[in-house]
Amino acid sequence: MATLIRNKLSNKLSNAATAVSNKSQAKVSGMFARMGFQAATDEEALGFAACDDLDYDHRQGMQMDILTTDEMGGEGSGDGGGLEGDSHYQRDGTGPPHSASKDGEPANELSEVRPKITAWEAGWNVTNAIQGMFVLGLPYAILHGGYLGLFLIIFAAVVCCYTGKILIACLYEEDEDGQLVRVRDSYVDIANACCAPRFPSLGGHVVNVAQIIELVMTCILYVVVSGNLMYNSFPNMPISQKSWAIIATAALLPCAFLKNLKAVSKFSLLCTLAHFVINVLVIAYCLSRARDWAWDKVKFYIDVKKFPISIGIIVFSYTSQIFLPSLEGNMQKPSEFHCMMNWTHIAACILKGLFALVAYLTWADATKEVITDNLPPTIRAVVNLFLVAKALLSYPLPFFAAVEVLEKSFFQDGGRAFFPDCYGGDGRLKSWGLTLRCILVVFTLLMAIYVPHFALLMGLTGSLTGAGLCFLLPSLFHLRLLWRKLLWHQVFFDVAIFVIGGICSISGFIHSMEGLIEAFKYNIED
């Protein structure tokens, strides 16, 4: 009898200790989720992803263990199963049920609790979206634009800040009492509303296509920059840039097996810290050579043939509009959104302008597409290795986001899907679905091999989808949905941004395509 009592007491103590441990780990994970560290896994790509689903699923997965443990009061949680694996938000059907439907059905208590973020945390996400590793291409933009390039860095910050605000304004409509009510949730919803009633889904398709192009191009850029950095870090090794790109892609093949972003998020803080260290090292080296700065090399004229590419590079570095609706919807005080946009874009403008100018003054006409290639060999090898690690760890998020958009558009849209579902009844990925993912990885490799030009690809992406998502569509949607309530100066700004964005987009696209076609022909012949 005494032995039985001791065993029961020991089991209860063990269960209680395990429950407390699980709860503390879950709260730590929840704290990092609320701080927005998961958004730093890939600063640029998060800005392009369909973040309404990705961001919410990821946050819910990090928070669900806290809610489950609290409701169960620690009973029955001694196995610690709530923290092992990702069952809360995988596709196997064991995740939490969704919130109440529009028909008025009662909502599940777990789904009502949605983590909210402060204005500072929202600013952290925006900063990570517009201060990513692609700022390393900005000094190359100054090379072909001179002082006009610096002006465009400021101009792009002002315009992107403004279009971000008007995009959020398109989410709201006035009710009968004159109060603003949020009636839309995403960029796609805004686009569909603008095309209704004749083409209710056309706008959403256009936005999704732009997302897919930008996400895939971002993946290609990561492979290109990885091959470029490794080749320039070890020039004496008998390995070509193409071979380095193949090696990098081989390391990225496991991305095809991703079912969620929980594993990727573990590296988010390390990526951000590594990028911060890299920027500090580059700027510190440039400041050490301040006496040799070539102020006379900063031009007042532009290279007509190459400057349009620089426009795309600058615009691409500011893209964040896609995920702003989701971010604003998760803020504790949405009224602080405008203030948050102001200080994040002012800070980005100052830091980008200083980084680009200081780096260009240091190397002048010798400035390369990726500025770290200008560093001395000893420093370059260390910095480039950090950058390659960051690029490889950042690749999974845009890849996963592109897969999500493709699957939802072509494989998971119920009766309207073009192809059967990639997942079986048990939630496991089918073999042909895995094959399609592997093909997407190989496609990014082939593009990186045949067009291994970082600046050209970045300029093309910025001109084609960046200008469209940041300049053209927000101003067009604002005029379409709210034109009756706009003041004359707002209409003028929207029209001016649309025209300027269109000119920049077309010119940058044409020049980038010319450069890419020439590069592609050269690599085919080679």
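Remarks
- Label-point separation, residue 506 to residue 300 (7 Å along Cα→Cβ), nm: 3.0 nm
- Computed with every protein chain present, the accessible area of residue 331 is close to 10 Å² [probe 1.4 Å].
- For region 135-146, the Karplus equation 6.51 cos²θ - 1.76 cosθ + 1.60, evaluated at θ = phi - 60°, returns couplings of 5, 5, x, 5, x, 5, 5, 5, 4, 9, x, x Hz by residue, with Gly and Pro reported as x.
- Of 305/352; 259/408; 165/390, pairs whose Cα-Cα distance is over 19 Å: 305/352; 165/390
- Using a Förster distance of 56 Å, the FRET efficiency for residue 517-residue 176 (Cβ separation, nearest 0.05): 0.50
- Difference of contour (0.36 nm per residue) and Cα-Cα distance, residue 201 to residue 236: 7.2 nm
- Ranked order, 209, 491 - accessible area, probe 1.4 Å, largest first: 209, 491
- Separation between Cα centres of region 271-336 and region 356-402, rounded to whole Å: 13 Å
- Ranking 352, 333 from most to least accessible surface, computed with a 1.4 Å probe over the protein chains only, gives 333, 352.
- When 202, 434, 457 are compared by accessible surface with a 1.4 Å probe, the order from highest to lowest is 202, 434, 457.
- For region 505-515, Karplus couplings with θ = phi - 60° (6.51, -1.76, 1.60), whole Hz, Gly/Pro x: 5, 5, 5, x, 5, 4, 5, 5, 5, 4, x
- In Hz, Karplus ³J(HN,Hα) per residue of region 200-213 (6.51, -1.76, 1.60; θ = phi - 60°; x = Gly, Pro): x, 10, 5, x, x, 5, 4, 5, 5, 4, 4, 4, 4, 4
- Gap separating the Cα centres of region 466-509 and region 173-238, nearest whole Å: 17 Å
- Taking a ≥ b ≥ c as the square roots of the eigenvalues of the alpha-carbon gyration tensor, region 262-396 is classed oblate because a/c is 1.5 or more while a/b is no larger than b/c.
- Multiplying the residue separation of residue 151 and residue 389 by 0.36 nm and removing their Cα-Cα distance gives an extension gain of 82.4 nm.
The values are calculated or read from the model by the stated rules, or taken from the named source; none is laboratory data. Just so it is clear, the structure is predicted and the values come from calculations on it, not from any experiment. Ideal geometry is used to build each Cβ from the backbone, glycine not excepted, and the neighbour counts take in all protein chains shown. Ligands, DNA and RNA are excluded from the accessible area calculation, which covers all protein heavy atoms including side chains. Shrake-Rupley method; radii C 1.70, N 1.55, O 1.52, S 1.80 Å.
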